[in-house]
Amino acid sequence: MRSATETAPLIPAMRRLLYVAAFLVFLAGLVLFVFPLRTADWFAWTIEPPMTAVFLGAAYWSSALLEVAGARSAGWDRARLAVWPVFVFTTLTLGVTLLHLDRFHLSSEHPPLARFATWAWLAIYAAVPVAMLVIGRLQLRSRAPAARPAAAGAPLPRGLRVLLAAVAAVLLGVGVALLVLPAAAAALWPWPLTPLTARAVGAWLVGLGWAAAYALRRGDALTVRPLGVGALAFALLQAIALLRYGDALTWAGAPAIGFVAVLLAIGAAGGWILALRPAAARG
């Protein structure tokens, strides 16, 4: 039997935080995915090539769907799959930002909208991890009268567990490499990355890998559903990004083949999780 903390209803503050976070990442994704050529004017830093911008934009939009799925969850047991990976990502991105602050649009030579986006970026990434810790603590301490042991969902099939383990290992490994050794790791990426963009991509990969590992640890179809929504959206949006700016990749090389293979694995895992819903409902 699970604890009351695990099965407690989602507190209003956590639900609101997830909705606000989803709205903010939607806005970031809007600039990056729809207008990748305008980052010098409209974003916190200039991103080149455009493929990097649309990659990050796709990650932001898929994260928005993950957070909305978490916010719509009735209980904490599902919603936390959308909380802790986002906390990991935002904390890492704050560190990346401070490390490369000289690349951000803070000076008067940059357009006003770009400077505004930079200060908004700094405020958001400074506030969101703290808010998640504070509200997360309130959520963990919640002992609402309605809290009951959650009904167990169907266990994840062995094949899906293997797939999630492989995805988590690859994303965490590559993400950490990009964060720690951006120049060396970027040489193995399928398109050019600067140290800043390498670390920005690395932060996303670690966040996604953390989500896959956490879903594997949870191990049942009911509680991992938010990841299915986010993972499938991530793969589909990245496919659109490749259709738009795929000429940035060296398609004959192993990095491009590996990139597509991982996208297919992420999409397959997301679709598989969503397809498990009827079985979970009968469990």
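The values are calculated or read from the model by the stated rules, or taken from the named source; none is laboratory data. Small disclaimer: the values here were computed from a predicted structure and weren't measured. Cβ atoms come from the backbone with ideal geometry, glycine included; neighbour counts cover every protein chain shown. Keep in mind that these areas ignore ligands, DNA and RNA; they rest on the heavy atoms of the full protein, side chains included. Shrake-Rupley method; radii C 1.70, N 1.55, O 1.52, S 1.80 Å.
If you take the residues of segment 246-263 that are in contact with a helix residue (DSSP H, G or I) (Cβ under 7 Å, 6 or more places away or on another chain) and modelled with pLDDT of 95 or more, which of them is least open to solvent (accessible area, probe 1.4 Å)? Full working, then the answer.
To start, the set of residues in segment 246-263 that are in contact with a helix residue (DSSP H, G or I) (Cβ under 7 Å, 6 or more places away or on another chain) comprises 248-250, 262-263.
When the remaining residues are screened for being modelled with pLDDT of 95 or more, the result is 262-263.
Values: 262: 38, 263: 19 Å².
Among those residues, the one meeting the criterion is 263.
Every residue in segment 72-118 that is more than 30 Å from residue 220 (Cα to Cα) and of a type in the set (Lys, Arg), please.
103, 115
Any chance segment 6-21 includes a residue that's among the hydrophobic types (A, V, I, L, M, F, W, C), under 25 Å from residue 223 (Cβ atoms), assigned to a loop (DSSP other than H, G, I, E, B) and open to solvent by 20 Å² or more (accessible area, probe 1.4 Å)? If you could, list the steps in order and put the result at the bottom.
Step one: filter segment 6-21 for residues among the hydrophobic types (A, V, I, L, M, F, W, C), giving 8, 10-11, 13-14, 17-18, 20-21.
Narrowing the set further to residues that are under 25 Å from residue 223 (Cβ atoms) leaves 8, 10-11, 13-14, 17-18, 20-21.
After this cut, where a residue has to be assigned to a loop (DSSP other than H, G, I, E, B) as well, the list is 8, 10-11.
Now drop any that are not open to solvent by 20 Å² or more (accessible area, probe 1.4 Å), which leaves 11.
There is at least one residue in segment 6-21 that is among the hydrophobic types (A, V, I, L, M, F, W, C), under 25 Å from residue 223 (Cβ atoms), assigned to a loop (DSSP other than H, G, I, E, B) and open to solvent by 20 Å² or more (accessible area, probe 1.4 Å).
Taking residue 133 as the residue in question, decide whether it is touching a helix residue (DSSP H, G or I) at 6+ places or on another chain (Cβ under 8 Å), open to solvent by less than 20 Å² (accessible area, probe 1.4 Å) and part of a helix (DSSP H, G or I).
On the way: touching a helix residue (DSSP H, G or I) at 6+ places or on another chain (Cβ under 8 Å): yes; open to solvent by less than 20 Å² (accessible area, probe 1.4 Å): no; part of a helix (DSSP H, G or I): yes.
No; evaluated as a whole, the condition is false for this residue.
Let me confirm something: among 170, 130, 134, which residue is modelled with pLDDT of 90 or more and farther than 23 Å from residue 208 by Cβ?
Values: 170 fails: farther than 23 Å from residue 208 by Cβ; 130 fails: farther than 23 Å from residue 208 by Cβ.
Being modelled with pLDDT of 90 or more and farther than 23 Å from residue 208 by Cβ holds for just one of 170, 130, 134, which is 134.
Identify all residues within segment 34-64 that are farther than 18 Å from residue 105 by Cβ and touching a residue at least 40 places away in the same chain (Cβ under 8 Å); write none if there are none.
Listed by number, the residues that qualify are 49, 51, 54, 55, 58, 59, 61, 62, 63, 64.
Would you be able to say whether some residue in segment 123-134 is more than 18 Å from residue 25 (Cβ to Cβ) and among the β-branched types (Val, Ile, Thr)? Steps first, answer last, please.
Within segment 123-134, the subset more than 18 Å from residue 25 (Cβ to Cβ) is 133-134.
Then keep just the ones that are among the β-branched types (Val, Ile, Thr); that gives 134.
Among the residues of segment 123-134, at least one is more than 18 Å from residue 25 (Cβ to Cβ) and among the β-branched types (Val, Ile, Thr), which makes the answer yes.
Scan segment 65-111 for residues that are within 24 Å of residue 271 (Cβ to Cβ), part of a helix (DSSP H, G or I), open to solvent by 10 Å² or more (accessible area, probe 1.4 Å) and of a type in the set (Gly, Ala, Ser) and jot them down.
Passing the criteria: only 69.
When only residues in segment 198-221 that are more than 17 Å from residue 86 (Cβ to Cβ) and either among the β-branched types (Val, Ile, Thr) or crowded, with 21+ Cβ neighbours inside 10 Å (or both) count, which is modelled with the lowest pLDDT?
Checked segment 198-221; the qualifying residue modelled with the lowest pLDDT is 221.
I'm trying to understand the selection: among the residues of segment 26-64, which are among the acidic types (Asp, Glu) and either open to solvent by less than 10 Å² (accessible area, probe 1.4 Å) or assigned to a helix (DSSP H, G or I) (or both)?
Let us first name the residues in segment 26-64 that are among the acidic types (Asp, Glu), namely 41, 48.
Once the filter is applied, which keeps residues that are among the acidic types (Asp, Glu) and either open to solvent by less than 10 Å² (accessible area, probe 1.4 Å) or assigned to a helix (DSSP H, G or I) (or both), segment 26-64 yields only 41.
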